[in-house]
Every structure is written in structure tokens, then in C-alpha cells.
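J.: Shown below is the structure under consideration.
The values are calculated or read from the model by the stated rules, or taken from the named source; none is laboratory data. Remember, predicted model here, so these are calculated numbers, not experimental data. We place every Cβ from the backbone using ideal geometry, glycine too, and count neighbours over all the protein chains shown. For the accessible areas, the whole protein counts, side chains as well, though only heavy atoms, and no ligand, DNA or RNA atoms are used. Shrake-Rupley method; radii C 1.70, N 1.55, O 1.52, S 1.80 Å.
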Amino acid sequence: MSDNKGTIVCPNCKQGAMKVFHTATGVPTNSCILLGTRQEALDYPTGDIALGFCDVCGFVGNTAFDARLTEYSGRYEETQGFSPTFQRFHQDLADRLVAQFHLEDREILEIGCGKGEFLLMLCADGKNRGVGYDPGYRADRHAPAPGENVRFVADFYTEKCTDTAADFVCCKMTLEHIPETLDFVTMTRLAQGDRPAEIFFMIPDATRILQDCAFEDVYYEHCSYFSPHSLDRLFRGAGFFPTAVGSEYDGQYLTIAADTADHGGGPLVGSGQLDELARWVEGFPELFAGQLKFWRDRLASWSQEGKTAVIWGSGSKGVSFLTTLGLDEGIAGAVDINPHRQGYFMPGTGHRIFGPDELVELKPDVVIIMNPIYRREIAADLAKRGLTPEILAVDDGVKK
């Protein structure tokens with residue numbers, strides 16, 4: 001949103017101006033879309049990224065984002081549920097939310113429910129009634145079992161859905177896809193009306209992305225990035241009363257809990273973090289250049305030595321890693337344990353996605369892990385197949 005002077009107004013606080021500090025052109029507009037041929041992947045539509053920073057609230061967003069270029073449908077395959085590491089985390093999170101918010105015999109709304117796994121956990125554990133909204137939901141993947149009082153709507157949560165009030169509103173890994181964040185969270189608050197409700201949102205933590213220059217976590221669908229301060233301020237501005245801001249999944253995810261009524265939740269968090277965020281933003285271009293040099297030097301060295309390298313993880317991080325580095329060659333392909341992604345191709349670069357068993361024949365010399373939290377799990381998968389490649393993770397570029 002721009003004012004009459006052409007200034008891009010922060011969509012998170014509607015007060016500050018967005019100052020661009022990082023750009024990328026010609027990036028795929030979707031990272032998790034299933035593409036059946038290499039040519040389709042190479043020809044996939046692209047857009048631009050122009051990350052801006054608001055020094056009033058600390059929000060970071062893609063000022064060049066165009067929602068018309070994105071697609072969320074049945075061929076959007078984002079689930080992480082095939083990883084044992086993620087499965088344990090997901091179930092533990094569901095158990096903790098059921099206990100923390102006393103979710104029993106309650107009405108639960110999940111915005112951006114994906115394939116429905118988490119809502120089914122919340123309703124099974126607490127014997128609750130639930131409704132989930134997501135245009136990418138597929139009934140053939142996680143349909144409610146007989147007797148479960150859960151329904152799914154394969155559509156976006158918009159103003160037309162605001163008659164769906166609930167006792168507990170959950171929204172995980174969705175808000176980062178919303179460009180007009182204050183408008184969206186305000187709509188969510190207004191939908192509750194006078195009904196008491198507790199709220200839980202989870203999104204990627206931008207402080208890690210900025211501080212470590214985690215460029216693999218910058219991609220087109222993610223148009224909004226939050227720090228604890230900008231997230232807390234957003235919910236207060238929308239009419240919620242935050243009760244806690246926390247961190248999950250080894251610091252990768254940021255969470256916020258809030259109420260529709262004021263029960264004395266405390267002061268705004270992270271007010272002193274704005275200067276620190278501004279320093280990280282200022283230093284981002286230099287760190288980014290260092291990251292590119294590290295990985296390009298490594299890839300050139302492996303190529304000269306005749307080594308075969310693959311990435312492990314074909315989702316958004318993998319797409320961003322390959323397209324940012326311009327890796328049409330030098331990477332033999334992308335490994336993914338999600339069987340629904342195997343056999344398809346990576347948007348932008350056209351790399352084929354295959355399962356771990358194919359590595360036995362390929363015998364890669366190097367495996368680059370797109371998410372370091374899975375390092376132990378992946379190492380075990382490789383060892384199980386008698387493979388001993390060099391293993392690096394995307395954050396190794398920061399450490400060197």
C-alpha cells in the first residue's frame with residue numbers, strides 16, 4: 001500500500017514507511033507446486049522480491065509482492081509430516097496446546113490447515129469440534145474418520161467465512177503468506193465479535209533470518225516476516241490482547257498466544273529490539289554476499305573434483321537455495337522423503353525430485369541439507385543405505 005507520495009506504508013502497523021534493503025528478480029512465484037515435467041518447471045512464472053523494513057514496528061515484507069501470481073490449490077504440496085522429527089514436534093505441540101488452553105469439548109477453528117493433520121490432532125486429543133480452511137486441503141489425504149466432528153473447507157479464510165467463530169483459533173505457518181497483515185488479523189478478530197476466544201499463531205522467526213542471513217528462507221510466497229515486537233504489535237493493533245510470545249523448533253518458529261479480552265497480559269514485548277533489527281537489516285547485504293561466495297566456491301570446487309552433490313529437501317528452502325545461487329548445474333537433484341513430491345520437478349531450475357532410495361545408485365559425494373534440524377535424521381537415513389557422503393547444512397555458510 002502506497003500513500004499519495006508514493007511511499008510504501010507498512011501493512012503491519014500502517015504508520016511506518018517500508019525501506020527496501022534486499023532485492024531478487026525472476027524468482028518462482030510458488031515453491032511447493034507439483035510440476036510434472038522439467039520444461040514446465042523451467043517455464044514456471046516468476047516475480048520479484050524487494051524486502052522492505054519498517055523502523056516503526058520492525059516488520060519486514062516483500063514490497064514487490066503480487067498475490068495474483070501465487071497459487072494455493074490441491075497441487076500445492078507443503079506437508080512436513082513424513083519426517084519423524086517433525087511428527088514428534090507436531091504431536092507434542094498439539095498435546096501442549098490441548099493442555100495449555102484446556103481444549104476439551106471446544107469449538108476450534110484452524111486458518112490455513114494444510115492437509116488437515118494438526119486440526120485432527122487437536123480434535124482427537126481433546127474431543128473437540130473443528131473446522132479448517134485451506135485451498136490446498138485434499139480429502140484423499142487426511143479425511144476425518146467416522147465419528148470425528150471435524151470438517152474442512154478447501155478455500156481461503158476471508159470475510160465470507162467470518163461467521164465461523166470459535167473458542168480457540170489456530171493459525172500455523174500461514175500469516176507469512178498474507179501481504180496485508182493488519183487487515184487480515186483485524187478481520188480474524190472481528191469474526192469473533194463478543195465471543196471469548198483464545199488465539200495461537202505460529203510463523204517463521206525473522207530475527208534468525210536477518211541475523212544469520214538465512215537466504216533460503218526468503219522466497220516469493222513468504223511476503224511477510226515477523227520479529228517478536230512486530231508480531232506482538234500487530235495483534236494489539238488488531239484488537240487482540242497478547243498473553244505470550246515464544247519460540248519453537250530450535251528457534252525457527254515464532255509463536256503468539258492472545259485473548260479476545262484483556263486479562264492483564266503485560267506490556268508490549270521486544271520494544272528494545274528495533275535498533276538491533278535495524279543493524280541486522282543494514283548488515284544483511286554484506287552477509288548475503290558472503291553466503292553466495294561460500295556456496296559458489298564450494299560448488300565450483302566439488303565440480304572441479306568431479307564430485308556429485310544433491311540437496312535434501314525439495315520444498316521452499318530448496319527452491320530458494322537453488323534459484324538464489326543460480327544452480328542450473330552442479331546439483332544432481334533434490335531428495336525428499338515426502339512420496340507425494342517424488343517424481344516432480346523444482347520450479348525455476350528444473351531439478352528432479354527423488355526419494356532417498358535412489359541415492360543408493362547415485363552415490364552422492366555431498367549432501368546439502370536444507371533444514372539443519374533434520375541433520376541427525378538424514379544422517380541416519382544415509383547410513384541405513386550404506387552411504388557416507390560429506391554432509392553440510394545451509395547454515396554452515398554462516399559458520400565458516
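J.: Which residues, counting only those in the stretch 210-235, are in a helix (DSSP H, G or I) and either in contact with a Cys (Cβ under 8 Å, 6 or more places away or on another chain) or touching a residue at least 40 places away in the same chain (Cβ under 8 Å) (or both)?
T.: Answer for the stretch 210-235, where residues must be in a helix (DSSP H, G or I) and either in contact with a Cys (Cβ under 8 Å, 6 or more places away or on another chain) or touching a residue at least 40 places away in the same chain (Cβ under 8 Å) (or both): L210, Q211, D212, F215, E216, D217, P228, H229, S230, R233, L234, F235.
J.: Right, another one. Against the definition (out of contact with any Gly (no Cβ under 7 Å at 6 or more places or on another chain), open to solvent by less than 40 Å² (accessible area, probe 1.4 Å) and not hydroxyl-bearing (S, T, Y)), how does F82 come out, yes or no?
T.: no
J.: Name, by its number, the condition in (1) assigned to a strand (DSSP E or B); (2) out of contact with any Lys or Arg (no Cβ under 9 Å at 6 or more places or on another chain) that does not hold for P242.
T.: All conditions pass for P242, except number (2).
J.: For the stretch 250-266, state whether one or more residues are farther than 29 Å from A166 by Cβ, of a type in the set (F, W, Y) and outside any loop (DSSP other than H, G, I, E, B).
T.: No: zero hits.
J.: Follow-up. Considering only residues that are surrounded by 21 or more Cβ atoms within 10 Å (Cβ to Cβ), in contact with a helix residue (DSSP H, G or I) (Cβ under 8 Å, 6 or more places away or on another chain) and of a type outside the set (S, T, Y), which ones fall in the stretch 319-332?
T.: F321, I331, listed by residue number.
J.: Do we find that N30 is out of contact with any Pro (no Cβ under 8 Å at 6 or more places or on another chain), open to solvent by less than 10 Å² (accessible area, probe 1.4 Å) and outside any strand (DSSP E or B) in this structure?
T.: no
J.: What pairs come up if the first residue lies in the stretch 81-97 and is touching a residue at least 60 places away in the same chain (Cβ under 8 Å) and more than 16 Å from A124 (Cα to Cα), the second is open to solvent by 70 Å² or more (accessible area, probe 1.4 Å) and of a type in the set (D, E, K, R), and their beta carbons are under 9 Å apart, counting only those six or more places apart or on different chains?
T.: As it stands, the answer is T85/R376, since those pairs meet every condition given.
J.: Looking for something assigned to a loop (DSSP other than H, G, I, E, B) and in contact (Cβ under 8 Å) with a residue 12 or more places away in the chain - is there at least one such residue anywhere in the stretch 272-292?
T.: No, because not a single residue in the stretch 272-292 is assigned to a loop (DSSP other than H, G, I, E, B) and in contact (Cβ under 8 Å) with a residue 12 or more places away in the chain.
J.: Out of the stretch 133-187, which residues are among the β-branched types (V, I, T), within 18 Å of A197 (Cβ to Cβ) and either under 22 Å from the mean Cα position of the chain (by Cα) or part of a helix (DSSP H, G or I) (or both)?
T.: V169, T174, V185, T186
J.: Quick one: how many residues across the stretch 326-348 are at pLDDT 95 or above and over 27 Å from R141 (Cβ atoms)?
T.: Of the residues in the stretch 326-348, 2 are at pLDDT 95 or above and over 27 Å from R141 (Cβ atoms).
J.: Next up: Please specify each residue of the stretch 103-116 satisfying the condition of being out of contact with any Asp or Glu (no Cβ under 6 Å at 6 or more places or on another chain) and within 14 Å of V153 (Cα to Cα).
T.: Of everything in the stretch 103-116, those that are out of contact with any Asp or Glu (no Cβ under 6 Å at 6 or more places or on another chain) and within 14 Å of V153 (Cα to Cα) turn out to be I108, L109, E110, I111, K115, G116.
J.: Looking at the stretch 254-271, which of the residues that are at positive phi and free of Cβ contacts under 8 Å to residues at least 40 places away in the same chain is most open to solvent (accessible area, probe 1.4 Å)?
T.: This residue is G264.
J.: For the stretch 226-241, enumerate the residues that are closer than 28 Å to A214 by Cα and open to solvent by less than 20 Å² (accessible area, probe 1.4 Å).
T.: Residues satisfying the conditions are F226, S227, H229, S230, L231, D232, L234, F235.
J.: Please work out which one of (1) surrounded by fewer than 21 Cβ atoms within 10 Å (Cβ to Cβ); (2) in contact with a His (Cβ under 8 Å, 6 or more places away or on another chain); (3) among the aliphatic types (A, V, I, L, M) is the condition L120 fails and give its number.
T.: Of the numbered conditions (1) surrounded by fewer than 21 Cβ atoms within 10 Å (Cβ to Cβ); (2) in contact with a His (Cβ under 8 Å, 6 or more places away or on another chain); (3) among the aliphatic types (A, V, I, L, M), the odd one out for L120 is (1).
J.: Mind listing whichever residues of the stretch 333-359 are on the phi < 0 side of the Ramachandran plot, part of a loop (DSSP other than H, G, I, E, B) and surrounded by 20 or more Cβ atoms within 10 Å (Cβ to Cβ)?
T.: Selection gives D336, R341, Y344, M346, P347, T349, H351.
J.: In the stretch 35-60, which residues are within 21 Å of P339 (Cα to Cα) and buried (at least 17 other Cβ atoms within 10 Å of the Cβ)?
T.: Those that are within 21 Å of P339 (Cα to Cα) and buried (at least 17 other Cβ atoms within 10 Å of the Cβ): L35, A41.
J.: Let me ask something additional. Any residue at all in the stretch 185-192 that is open to solvent by 10 Å² or more (accessible area, probe 1.4 Å), among the polar types (S, T, N, Q) and over 28 Å from F86 (Cβ atoms)?
T.: yes
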